[in-house]
Amino acid sequence: MTAASVGRSSLIMASGTAFSRLLGLLRNVLLVAALGATGAVADAFDVANKIPNILYAIMAGGALNAVIVPQVMRAYRSKNAKEHLDKLLTLSTAILLGLTVLFTAGAGVIVGIYTTDKWSEAQLGLAIAFAFWCIPQLFFYGLYTLLGQVLNAKGKFGPYMWAPALNNVVSIIGFGIFLLVYGPVATGNVADLSSWDAPKIALIGASATLGIVAQALILFWPLHRDGFRWGLRFGFRGIGLRTTGAVAMWTFLALLLDQIVVWVITKIASAAPHAVSSTTEVVAGNASYTQALMSSTCCRTL
């Protein structure tokens, strides 16, 4: 690549990241307006929506970044590039789908790991219900990474960096509809756990998850325009997975250590409202911590 093309690609990537962060800030403002930054409902959703990110970092993120992504670059230099890419994508998505189904089925167990026994049955049940909607994000996070790396290997950097903006747009629309239908947390009965029926849960859960779905699926469009066609092809031979085993192990261990820290913080934040006060609506917990962390990340990016 020439210096001019590198500069242009860097500008596209940086602008996509900045714009996505701004939309993400607006998304979170609407989320706080809908659910609040404190209270049983806000904390229940925060834990549920955090789980697919944690699972992706531990299970899929390590394998994809250490094993699959390097092989995508190598596949383009091989004689049978199309065959190797098809095998890599098919194998990876099959594993992602299997993990997603497994973890979604075990939503109750996973939520229990990240919460405390001080949560009421109603709050725990709401968190599990949200988790059934949110954990499928794991598959689409992985698909987004895979398709994005194929685009990067082809020198198409813009779509991968701009796709998260679509994720935020979808969530903004969904949370906006929630506010129109049910009202903001300050005036409605959002904080009342007994008011959360299936449609209400589905609107929040779908708004969060459909954004990730859109973020992943939109990448098929630039790939198609560039002439890439993905054909399902099963098989391990010739895709070079043996050479990356050691790297994958160390990457997995590093990510696992990082996520242990996340688990400790989440457990402490889950217990904080119940340890400080019986009036959980006014005491900071998981949701407050996540919003503060998100705001600082956004400011650093901008």
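Points worth noting:
- Links that overshoot a 25 Å alpha carbon limit, given the list K50/K156; K87/K156; K50/K82; K50/K154: K50/K156; K50/K82; K50/K154
- Hz values of 3J(HN,Hα) by residue in region 21-33 - Karplus curve (6.51, -1.76, 1.60), Gly and Pro given as x: 5, 4, 5, x, 5, 5, 4, 6, 4, 5, 5, 5, 4
- In region 82-186, the convex hull through the Cα atoms has an average projected area of 9.3 nm², a quarter of its surface area.
- Couplings 3J(HN,Hα) of region 159-170, computed from phi: x, 5, 7, 8, 4, x, 4, 5, 3, 5, 4, 4 Hz, in residue order, whole Hz [Karplus 6.51 cos²θ - 1.76 cosθ + 1.60, θ = phi - 60°; x for Gly and Pro].
- Here region 80-228 has 69 percent of its accessible surface on carbon and sulfur atoms, given a 1.4 Å probe and all protein chains in place.
- In the context of the full protein assembly, S195 retains an accessible surface of approximately 20 Å², using a probe radius of 1.4 Å and ignoring ligands and nucleic acids.
- Accessible-area value, I113, 1.4 Å probe, nucleic acids and ligands omitted, Å²: 80
The values are calculated or read from the model by the stated rules, or taken from the named source; none is laboratory data. Quick caveat, the model's predicted, so the values are computed rather than measured. Heads up: the accessible areas ignore ligands, DNA and RNA and are worked out on the full protein's heavy atoms, side chains in. Shrake-Rupley method; radii C 1.70, N 1.55, O 1.52, S 1.80 Å.
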